[in-house]
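The structure appears right after this line, and notes come after that.
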Amino acid sequence: MNATAQYNFAYLDEQTKRMIRRAILKAIAIPGYQVPFSSREMPMPYGWGTGGVQVTASIIGPDDVLKVIDQGADDTTNAVSIRAFFAKVAQVATTTHTGEATIIQTRHRIPERALGPGQTLVYQVPIPEPLRFLEPRETETRKMHALEEYGLMHVKLYEDIARHGRIATTYAYPVKVEGRYVMDPSPTPKFDNPKMHMSEALQLFGAGREHRIYAVPPHTEVVSLDFEDHPFAIQHFEEPCALCGAEQVYLDEVILDDAGGHMYVCSDTDNCETRRAAGHVGALGVREAAE
Amino acid sequence: MTTEPLLRVENLTKYYGSRLGCADVSFELWPGEVLAIVGESGSGKTTLLNSLSATLEPSSGRTLYRMRNEQWRNIYELSEAERRFLVRTDWGFVHQNPADGLRMTVSAGANVGERLMAVGDRHYGHIRDTALDWLGRVEIAADRIDDQPRSFSGGMRQRLQIARNLVTGPRLVFMDEPTGGLDVSVQARLLDLLRGLVGELGLAAVVVTHDLAVARLLSHRMMVMKDGRVIEAGLTDRVLDDPREPYTQLLVSSILQV
Amino acid sequence: MTALSVRNLAKTFTMHLRDGVILPVVENVNFEVQPGECVVLGGPSGAGKSSILKMVYGNYGVDAGTIVMRHHGEAVDLATADPRTVLTLRRDSIGYVSQFLRTVPRVSALEVVAEPLVIRGVDREQAQARAKELLARLNLPERLWSLPPATFSGGEQQRVNIARGFITDHPVLLLDEPTASLDATNRAVVVAMIAEKKAAGVALLGIFHDEDVRVQVADRVVDVTAFAPKVAA
């Protein structure tokens, strides 16, 4: 542990953590509003979740239990690295079980299991500005937020319908928070949008490269934008998880061979494993067990 | 017939540092009235237009506008939110270069629909029907509704810009050389279209142009500017047929006859 | 009650592009037109007949004098009226058949003729129906009605112009050589239309070079040479 002794607890120095906590508090006070903060260089490249890592580093304490997921999985490189990072620099306990975690840092998913009070979900955000797609000027987008000029957001959805006959945006689907700020929920599938609404957990969003932090406090209204005649709808999967048989969960397609064989499995690995441990078996799970 | 003007301009002056943009301009504009501002490059007509449309803040003077609630407001004292709302609902601004007034990377339909969405229209079908109706009115074929203006000709882009501006039923439209970069035959079509729409909708408009033929065709009244000042003003046909000022006579006599 | 009263009217042109040379046109112009009367301005070319007509229509400014007519029940001096008043005068009280038609690209002959009524709020269909009657009466071939008059012959354009001027019930109507390029048949139609306007109590002021027409329509001739400016000493 001598190698890490030179680092402060959770890597960031206390001044920086204080600065980030102030930004987080402000973000919680103004749900959905993007608070600028002075993003630090982290020992990992941009795009690996430097924003989320800084937020986690600023809120984590020695008693916290950390879970890190990437696309729903605890065992991908990004998730493993970040989990190992905090185990090293903060000596915190880590877990893969959603229910046991006090802090969950995530890239691209919200766990299937409903989060409870006392839990905090930290999102890694690449592009925090939902209006950026159509308005490149930051000065202008800030003004638009300030004046609640959100017509442009619907222009994007209009284009979707005009081009595809329906709202084809499937991830980073814009939401309105507490009836005021339009927010990018980070590139989570729109399947997860309803989970943000009135969640009992605190949701924090960190964009390292873009120097922005925003938040959705517990019990906050989060509404996905839509048209009256093209209402918001989540993705629907035809078949249940091939391994655990779960329905109404988000599934990943897994290619099995070069002959077009594939299966759909839970994107949330913890949810899948927990279900299988409880005896749920999916179509392909049965065959495996039979071998 | 309304008994009150829509716009009341009082002693508008704009300096850029020590250099004069426009000086001491006063006039009233009534509903349904089209005012042309003519003059050569550097005469101050664009400065005046930008001041009138609250794009520029003048050095002194006021521009009073009769809001939809009948209240008179000095447009330079509106809050940013009020001003922007006014600009996207009750006003229109047609730029010489359509790319300045359009979103080039979204479809024609969305370009027209944006102002509707900005004021809260949340019904896709209605927005699309309205966009189709307006494309028809500016003579753009319905099957181009999902094309981006990047694929449009100059004349089509300009007509699209006009539709985008008029969809919310503004009462006042500013136009900066609306036929500027267009071929003559395309100009004629656009002028005729504008003339028809302005008459039909009872719009008030301020049109900046250096083209006296455009002024004659579109405007009821005109102001001639030189070196930042209005040197002659009046009924369009009187100013053009019986110009008094040396500069106006020069302008009128410089028109090429065909 | 006088429909149009012109008093002490004077007009000069200052040609700034020709070293400020001053061209006197007319001075001390005095005449009146009563309702139901057709007054013809007489005199040789260059005497200022057209200029007087243009001043009465507000197309030329005046240097001195008054041009008073009834407008919305009140006497209005057009010589000093603001542009907005002149525009409403033209819309409601004074019509003008100019010598040449100013064509607008792409606007059909029918619309050109119907426009003065449409501007006054008459329903478009109704205005066009009236326009058709007039064009038919003036023997403009029906195939031309839907075309813009830019490519028409002089006589055809003239008839469009006349129809446009005669379509309203303005109490004052100015006519600048309306029959100049018409054949005998159509001249007769115009003469009859003028007679009808007179019968309807319209005050007409016109310029007619055609002796024959002038004799038929004129109640009085005002000799414009009487208004020639005294040469400055």
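The values are calculated or read from the model by the stated rules, or taken from the named source; none is laboratory data. Given the structure is predicted, the values throughout are model-derived calculations rather than measurements. Using ideal geometry, Cβ is built from the backbone for each residue, glycine included, and neighbour counts are taken over all protein chains shown.
Tabulated values for the structure
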read-out	value
Test: residue in region C:23-31 that is in contact (Cβ under 8 Å) with a residue 40 or more places away in the chain, over 30 Å from C:N139 (Cβ atoms) and of a type in the set (D, E)	yes
Tally of residues being more than 10 Å from every other protein chain (Cβ to nearest Cβ), β-branched (V, I, T) and farther than 30 Å from A:G61 by Cα across region A:113-171	4
Complete set of residues in region A:115-174 that are assigned to a strand (DSSP E or B) and modelled with pLDDT of 95 or more	A:T120, A:L121, A:V122, A:Y123, A:Q124
Test for B:R88: is it within 13 Å of chain A (Cβ to nearest Cβ) and either under 16 Å from the mean Cα position of the chain (by Cα) or among the aromatic types (F, W, Y) (or both)	yes
Leading residue by the ranking (modelled with the lowest pLDDT) among those in region A:194-246 that are in a loop (DSSP other than H, G, I, E, B) and β-branched (V, I, T)	A:I234
Strands (runs of 3 or more DSSP E) lying entirely in region B:144-258 (those with 1 or more residues that are within 14 Å of chain C (Cβ to nearest Cβ))	B:204-209, B:221-226, B:229-235
Every residue from region A:181-198 that is more than 14 Å from chain B (Cβ to nearest Cβ) and either among the basic types (K, R) or within 19 Å of B:R103 (Cβ to Cβ) (or both)	A:K190, A:K195
Number of the condition not met by B:L86 [criteria: (1) assigned to a loop (DSSP other than H, G, I, E, B); (2) under 30 Å from B:L182 (Cα atoms)]	(1)
Residue list for region B:106-126, filter: at the interface with another protein chain (Cβ under 7 Å from one of its Cβ atoms), outside any loop (DSSP other than H, G, I, E, B) and over 24 Å from A:P136 (Cβ atoms)	B:Y124, B:G125
Residues of region B:15-30 satisfying the condition of being more than 14 Å from chain C (Cβ to nearest Cβ) and in contact (Cβ under 8 Å) with a residue 60 or more places away in the chain	B:L20, B:G21, B:C22, B:A23, B:D24, B:V25
In region A:84-110, residue nearest to the chain's Cα centre (by Cα) [restricted to those that are in contact (Cβ under 8 Å) with a residue 40 or more places away in the chain and in a helix (DSSP H, G or I)]	A:T98
Those helices (runs of 4 or more DSSP H) lying entirely in region C:65-165 with at least 2 residues over 18 Å from the mean Cα position of the chain (by Cα) and over 20 Å from B:S219 (Cα atoms)	C:109-119, C:124-137
Residues of region C:15-36 satisfying the condition of being within 12 Å of another protein chain (Cβ to nearest Cβ), buried (at least 16 other Cβ atoms within 10 Å of the Cβ) and assigned to a strand (DSSP E or B)	C:V25
Some residue of region B:116-127 being basic (K, R) and out of contact with any Phe, Trp or Tyr (no Cβ under 6 Å at 6 or more places or on another chain)	no
Selected residue (only one of B:R229, B:R238 is touching a strand residue (DSSP E or B) at 6+ places or on another chain (Cβ under 8 Å), closer than 29 Å to C:A79 by Cβ and basic (K, R))	B:R229
Among the candidates A:Y181, A:Y171, residue that is more than 17 Å from the chain's Cα centre (by Cα), more than 20 Å from A:T98 (Cβ to Cβ) and of a type outside the set (D, E, K, R)	A:Y181
Hey, B:T46 of a type in the set (S, T, N, Q), away from chain A (no Cβ under 12 Å) and crowded, with 17+ Cβ neighbours inside 10 Å or not	yes
A:G47, sole failed condition from (1) surrounded by 15 or more Cβ atoms within 10 Å (Cβ to Cβ); (2) part of a loop (DSSP other than H, G, I, E, B)	(1)
Test: C:V222 is surrounded by fewer than 22 Cβ atoms within 10 Å (Cβ to Cβ) and part of a strand (DSSP E or B)	yes
Lone unmet requirement of (1) in contact with a helix residue (DSSP H, G or I) (Cβ under 7 Å, 6 or more places away or on another chain); (2) under 30 Å from A:Y150 (Cα atoms); (3) of a type in the set (A, V, I, L, M, F, W, C); (4) in contact (Cβ under 8 Å) with a residue 60 or more places away in the chain for B:L52	(1)
Single match in C:G121, C:G165, C:G95, C:G155 (criterion: surrounded by fewer than 22 Cβ atoms within 10 Å (Cβ to Cβ), among the small types (G, A, S) and away from chain B (no Cβ under 14 Å))	C:G155
Sole exception among (1) more than 17 Å from the chain's Cα centre (by Cα); (2) among the small types (G, A, S); (3) within 30 Å of B:S253 (Cβ to Cβ) for B:G39, by number	(1)
Test result for A:A57, of a type outside the set (V, I, T), more than 27 Å from A:G179 (Cα to Cα), touching a residue at least 40 places away in the same chain (Cβ under 8 Å) and part of a helix (DSSP H, G or I)	yes
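Listed here are the residues, each with its yes/no results for (1) free of Cβ contacts under 8 Å to residues at least 12 places away in the same chain; (2) closer than 20 Å to A:P187 by Cα; (3) touching a strand residue (DSSP E or B) at 6+ places or on another chain (Cβ under 8 Å); (4) buried (at least 21 other Cβ atoms within 10 Å of the Cβ).
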{"position": "A:F9", "(1), (2), (3), (4)": "no, no, no, no"}
{"position": "A:D13", "(1), (2), (3), (4)": "yes, no, no, no"}
{"position": "A:M19", "(1), (2), (3), (4)": "no, no, no, no"}
{"position": "A:A29", "(1), (2), (3), (4)": "yes, no, no, no"}
{"position": "A:D70", "(1), (2), (3), (4)": "no, yes, yes, yes"}
{"position": "A:I82", "(1), (2), (3), (4)": "no, yes, yes, yes"}
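Per-residue answers, yes or no, for (1) at pLDDT 90 or above; (2) closer than 19 Å to B:D100 by Cα; (3) crowded, with 21+ Cβ neighbours inside 10 Å:
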{"site": "B:G181", "(1), (2), (3)": "no, yes, no"}
{"site": "B:V208", "(1), (2), (3)": "yes, yes, yes"}
{"site": "B:A215", "(1), (2), (3)": "yes, no, yes"}
{"site": "B:M225", "(1), (2), (3)": "yes, no, yes"}
{"site": "B:T236", "(1), (2), (3)": "yes, no, yes"}
